[in-house]
Every structure is written in C-alpha cells, then in structure tokens.
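The next block holds one structure in the form of structure tokens; read it before the comments.
The values are calculated or read from the model by the stated rules, or taken from the named source; none is laboratory data. Keep in mind the model is a prediction, meaning the values are calculated, not measured. Glycine gets a Cβ as well: all are built from the backbone with ideal geometry, and neighbour counts include every protein chain shown. Just so you know, the surface numbers come from the protein's heavy atoms only, side chains and all, with ligands and any DNA or RNA stripped out. Shrake-Rupley method; radii C 1.70, N 1.55, O 1.52, S 1.80 Å.
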Amino acid sequence: MKRLLITVDGPSGAGKTTVSRLLAQRLGYRYIDTGALYRGVALAASRKKWAADDDSKLADICSKLTFEFRESPNGQRLYMNGIDITEQIRTPEISMLASDISARRCVRQFLLKVQKKMAKDGAVVVEGRDIGTVVFPNADMKFYLDADHDTRVLRRYKELAARMGRTHIRLDEVAKAVTERDERDSSRSLAPLKPARDAIRIDSTLMEIEEVVDLMHRYIAGIVK
Ligand code: DC
C-alpha cells in the first residue's frame, strides 16, 4: 500500500496533537510533532538568554542542534543533541518563546530541512502550522483542524493544569496566551498559519477526539482504495 504523507495544521488547542498521534497509530504510521521542534530551538535559545530576534545567534544555535523522536512505553519522546527534552519544552514560557523564534527566517529554514528529512520515507502524519502550505505542499492528504476560541482555551487550560497542577494555572492567563500566540502565528510574514487551499477543514468544537480521527480515517480510506 502507498506510504502516504498526511499533514495536520491548525491553531493551538484545536486538538492536532492528540488526533495526529491517534491517526498515526491507527494507520501504523510515524507521527511528527513539528511544534516540538520549534519548542526545542526555543529551549536552546532560552538557555543562552539571547534575544529571540538576534538572527546570527539563533542561526548559530540551530547549527549545533540535532533532533530525534523516539518511541517509548509512555509515548513519543523528543531528544535534542541526545538528551530527552520532552517535559522541559511544555511550559508556558517556552510556548511563547517558540512562537517568537518561529517568525525568524533562519529558524524556519533550519527546521524545514529537519522536517523534510524526518518525513522523507512517507507513512507519516506531520502536525504543525505550515506543513500543508510550505513544508509539504504536495502531501497526499491535508487536514486543517480548528475549534472555536473558548473551546481551544479550555483544552489548553486542562492540558496545562494536568501537567503543572491547577494552582499554578489561571484560565484568564491561558486565554490571553492563546489569543496572543494565535495572532502572532497567523500574522507573521513567513509561513503564517493558514489552511492550504486543498486542505480538508474540520471544526472539532463539538466533536469527540475519536470522531475526528474516524472522519480523517474515512477521507484517507477514500484515497487509498
Ligand atoms: O504546536 P505547538 O504549540 O507546540 O507550537 C509551538 C509554536 O511553534 C507555535 O506557536 C508556532 C510554532 N510552529 C510553527 O511556526 N510552525 C510549525 N509547523 C509548528 C509550530
């Protein structure tokens, strides 16, 4: 059977990560979370305490980074230069810094190569913001997953509260961060978040995760018949 390259783009909190992971599992495909790569670069930059718009320093940081996704009994882990950074990249600070550095050309160019290499053999579900528009414009199947703003805020809140504890997270702050990040990710001049013209658009606001995965799976079954 053809080894498809499937893309899932959309704003934060739309459910991309969970859905993409489950879809990949169901197809026996690999799953690539490209946001995690931007978060990895942000983590490396934050350790150096350099300004997020210093391109020569960012380019220097990128030139020294390697990334690898590895499967483990408790899900996929991301290794940067051989070290597991899966947990460290999930803080609100790294989320915001990742959004900042993702607007820089040197970072996007570096990660474009990384992503292309990771997905070169197909049989993969790749999740992000510009995967169907810029990284893999010729993907076999493209999805754009969205949900209304309040739903996305609530999902993000629950995710952070589960990880960091409810006392450390405030709903109004999460709402502000989601709005700010959406605005930045969609308005930047390089590879902004937007649906590819040939993407199948799915609004997950009133859908359960399994329903979304089923729907995607039906679309995919239609092209591999
Ligand atoms: O999906 P995420 O929240 O982990 O992504 C973190 C940031 O990385 C997001 O705010 C924008 C950026 N990003 C991007 O610009 N392009 C991608 N393909 C994936 C993420």
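Looking only at the stretch 108-116, decide whether some residue is of a type outside the set (S, T, N, Q), at pLDDT below 95 and not in a loop (DSSP other than H, G, I, E, B). No, the stretch 108-116 has no match at all.
Of ASP172, ASP150, ASP140, ASP121, all but one fail to be more than 14 Å from the ligand (Cβ to nearest atom), within 20 Å of GLU68 (Cβ to Cβ) and open to solvent by 40 Å² or more (accessible area, probe 1.4 Å); the exception is ASP121. Among the residues of the stretch 78-103, those identified as in contact with a strand residue (DSSP E or B) (Cβ under 6 Å, 6 or more places away or on another chain) and away from the ligand (no atom under 15 Å from the Cβ) are TYR79, ASP84.
When each of ILE200, ILE169 is tested for being touching a Leu at 6+ places or on another chain (Cβ under 8 Å) and either more than 23 Å from THR133 (Cα to Cα) or modelled with pLDDT of 85 or more (or both), the lone residue that passes is ILE169.
If the condition is being within 16 Å of the ligand (Cβ to nearest atom), without any contact (Cβ under 8 Å) to a residue 60 or more places away in the chain and assigned to a loop (DSSP other than H, G, I, E, B), then the stretch 8-65 contributes ALA52, ASP53, LEU65. In the stretch 119-128 there is at least one residue matching the filter, namely being more than 17 Å from ASP185 (Cβ to Cβ), under 17 Å from the mean Cα position of the chain (by Cα) and not β-branched (Val, Ile, Thr).
Check the stretch 130-144 and report whether any residue there is part of a helix (DSSP H, G or I) and closer than 17 Å to LEU23 by Cβ. Looking for residues that are part of a helix (DSSP H, G or I) and closer than 17 Å to LEU23 by Cβ, one finds at least one in the stretch 130-144, hence yes. Being among the charged types (D, E, K, R) and under 19 Å from the mean Cα position of the chain (by Cα): is that true of ARG156 here? Yes. Apart from one condition, ASP185 fits all of (1) part of a helix (DSSP H, G or I); (2) within 16 Å of THR17 (Cα to Cα); (3) in contact with a Ser or Thr (Cβ under 8 Å, 6 or more places away or on another chain); the exception is (2). Scanning the stretch 94-109 turns up at least one residue that is without any contact (Cβ under 8 Å) to a residue 24 or more places away in the chain and over 13 Å from GLY40 (Cα atoms). The set of residues from the stretch 210-222 being in contact (Cβ under 8 Å) with a residue 12 or more places away in the chain and surrounded by 13 or more Cβ atoms within 10 Å (Cβ to Cβ) comprises VAL212, VAL213, LEU215, MET216, HIS217, TYR219, ILE220. The residue that is farthest from GLN115 (Cα to Cα), among those in the stretch 63-95 that are hydroxyl-bearing (Ser, Thr, Tyr) and exposed (fewer than 12 other Cβ atoms within 10 Å of the Cβ), is SER72.
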